[in-house]
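Everything below concerns the one structure shown next.
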Amino acid sequence: MSDLNLPRLNRAYFENPTLEVAQDLIGKVMIFGEHQGIITETEAYIGQDDPACHAVRGITPRNAVMFGPPGVSYVYFIYGMYHCLNFVTEKEGFPAAVLIRGLKMKDSNMHYDGPGKLCRTLNLTREHNGLDLTLHPTFGVYEGGLTIPFRATPRIGIKQGTDKLWRFIAERF
């Protein structure tokens, strides 16, 4: 687990509004197994009114985790080749999540700037869907002690909802 002795983010953190969580995650430390990295890019997906959110058509077996408790991993498979990691946010029953798009690894100083690259590098798969990030012994998010300036841009890789400035990218890391 973490040798950083940093405070772990708790469920109350993930219960906050998704846009706040997506911005605040920039600079936090994600730990998955032996890997530690600083979150450098996120995207927000909020509720059934967001046309780009997986929950837009209601609950399905694929997106059911989004309707569950906050602070849980939502990992899905896209284009028949990539996994994507999200953190469920807001209150249980309201489908919202933050996509983790970028991570700067602490051990190798490598930067993975894409959700598919990130998951492939860490070997994150659907097997890691639905894990409680607030309690899991080897998968969690921690305070980083960093305040990193970021910019907001339109979300990418989607066809609808591109007008929303819900993608957050670290200016430096």
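The values are calculated or read from the model by the stated rules, or taken from the named source; none is laboratory data. Computed from a prediction, not measured in an experiment: that's the story for all the values here. Neighbour counts are summed over all protein chains in view; Cβ atoms, including those assigned to glycine, are modelled from backbone coordinates with ideal geometry.
Of the residues G130, G157, G80, the single one that is part of a loop (DSSP other than H, G, I, E, B), farther than 18 Å from K28 by Cβ and under 13 Å from the mean Cα position of the chain (by Cα) is G130. Of all residues in segment 1-57, those satisfying the criterion of being in a loop (DSSP other than H, G, I, E, B), over 26 Å from D107 (Cβ atoms) and modelled with pLDDT of 95 or more are E15, N16, P17.
Report yes if V75 is at pLDDT 95 or above and surrounded by 15 or more Cβ atoms within 10 Å (Cβ to Cβ), otherwise no. Yes.
May I ask you to verify whether I39 is within 16 Å of the chain's Cα centre (by Cα), surrounded by 24 or more Cβ atoms within 10 Å (Cβ to Cβ) and either in contact (Cβ under 8 Å) with a residue 12 or more places away in the chain or closer than 21 Å to P137 by Cβ (or both)? Criteria met by I39. Residue check: is C119 touching a Leu at 6+ places or on another chain (Cβ under 7 Å) and crowded, with 17+ Cβ neighbours inside 10 Å? In short, yes. For segment 114-135, name all the residues that are within 16 Å of V65 (Cα to Cα) and either modelled with pLDDT under 95 or basic (K, R) (or both). R126 - this is the single residue of segment 114-135 that is within 16 Å of V65 (Cα to Cα) and either modelled with pLDDT under 95 or basic (K, R) (or both).
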